[in-house]
1. Work through the residues other than V167 whose Cβ is under 9 Å from its Cβ and net out their charges, Lys, Arg +1 and Asp, Glu -1.
2. Per-residue counts of other Cβ atoms within 10 Å, averaged by peptide: what ranking do you get for 225-234, 92-101, highest first?
3. Can you compute the FRET efficiency between I115 and S45 using 1/(1 + (r/R0)^6), with r the Cβ-Cβ distance and R0 = 45 Å? Round to the nearest 0.05.
4. Hey, if we sort T74, T112 by accessible area with the 1.4 Å probe, largest down, what's the order?
5. Based on the Cβ-Cβ distance of S84 and I23, what FRET efficiency does E = 1/(1 + (r/R0)^6) give at R0 = 45 Å, to the nearest 0.05?
6. Going through the cross-link list K80/K208; K63/K118; K113/K222; K63/K222, which pairs have a Cα-Cα distance over 21 Å in this structure?
7. Need the full-extension length gain, T195 to V228, defined as separation in residues times 0.36 nm minus the C-alpha distance. One decimal, nm.
8. Alpha carbons only, please: Rg and Dmax for region 41-116, in angstrom.
Amino acid sequence: MRSAILLCLFVIFGCVANAQFTILPQVGFENSRTSIEFNKRSSSSIGAKLSPQAGIRLDYKFKQGHGPFLGITTSRSVIKYNFSDPETVMTAYTASKGNTQLRIEGGYQVSTKPIYFKKQGSNNKSSTVYYQRDGTEKKSCGRSIVTHSCGSKTYKTSVAKYNERGVWVRIQPSVGLAYIPSLPRAEIFSKSQGTQTSYQYNAGNWNKALIAGMGFEFGRNKQSKFIVSINYLKGIGNLGTKSITTVSGNKPTTTSLKSDASGWNITMGVPISLNKKKPVAKQQFIEKIYKEQNKCGQYKSHCMPRCSKRI
C-alpha cells in the first residue's frame, strides 16, 4: 500500500513538473436568452441582447496538452419582468436588463497539437559556405578549417538549414460549470404605490449553469499570440417554479412563473505564461587538428570551439 502511494505521488509530481500556468485576460460580448412560462401553459422569450463582457482565466496545462481551468467573468442574464395584473402577465408587462454580476467558471480543457498553415518544406532556409582561393573552407557557424597549400579555386555552395514552421492554430474544446455566488433579492416581490400594487419577477436568475466551448489558439513558431473562444451556457440552478397569490373579490388566485436561461459568448485574449523559460545550453565543439602530407603540401583540419564567421 505504501509503495502504491509513493508511486502515485511520483506520477503526480512528474506531471506537475511538466505543466505550465497561463493567465488569459479576455474581452468580448455575451448574448443571453431568457424565456418565461406562465401557469405551465404559455411561454414568452424576453431577453436576447448583446452585453459587453470581461474576465480573466487561469489555465493549468499538462505536457500532453490538457488540464483544468478556473476563471472569473461578468454576467448579465437576469431580466427584470414588471407587471401589475397577474392575469395579464404575458401581455401587459415591461422588461429590462438586470445588474452586472460576477460569475466563477471552472472546468477542463483539451488542446490539440499545432496545425500549421504552411508545409514544412517551404520553411527551410539556406546558409552559405565560402571557399577561399587557398582552399580554406569557412562556414557561417565555423566548425572546421581545411587548408591545402596548392589550392587556387574560389567558389561557394549552399547548405540547407531548418527554420521554424511559422503560423499555427490549436483547437481547444472545453466543458465545465459556472456559479454566481451573489443573487438578486427574491425572485418575485411586490411594490405598492398608493392603491396600485405592482410586481417584479427576476427571470433568468440562475446560480449554476453548464458551460461548453471551443477555443482557437493562434501562434507563430513557438510563441502563442492570441486565443478566440466561443462558449455556450445553460442555466440549471435556482430556476424552479415561483408562485404569487392575489385576492380578487374575496377569491384567492395563484399565479405560477418559471423561467429558462441560456446564452452564448465570444471572447478574445492574449495568454501570459507564468513559467520561467529555461536557458538554452550552448553547444560546445572540441578542437581537433589533423595533419596529412601529400604531393601538394600540408593538409590541416581545425574544429573550432565556438561559432564564428570568418571570411
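1. So the environment of V167 carries a net charge of +4.
2. Descending packing order for the listed peptides: 225-234, 92-101.
3. That gives a FRET efficiency of 0.70.
4. The ordering from most to least exposed comes out as T112, T74.
5. 0.40
6. K63/K118
7. Value of the extension gain: 6.5 nm.
8. When restricted to the Cα atoms of region 41-116, Rg and Dmax are 19.9, 61 Å.
The values are calculated or read from the model by the stated rules, or taken from the named source; none is laboratory data. Just so it is clear, the model here is predicted, and its values are computed rather than measured. Methodologically, a virtual Cβ is constructed for each residue, glycine included, from the backbone with ideal geometry; neighbour enumeration extends over all protein chains shown. Surface areas here come from the heavy atoms of the whole protein model, side chains and all, with no ligands, DNA or RNA. Shrake-Rupley method; radii C 1.70, N 1.55, O 1.52, S 1.80 Å.
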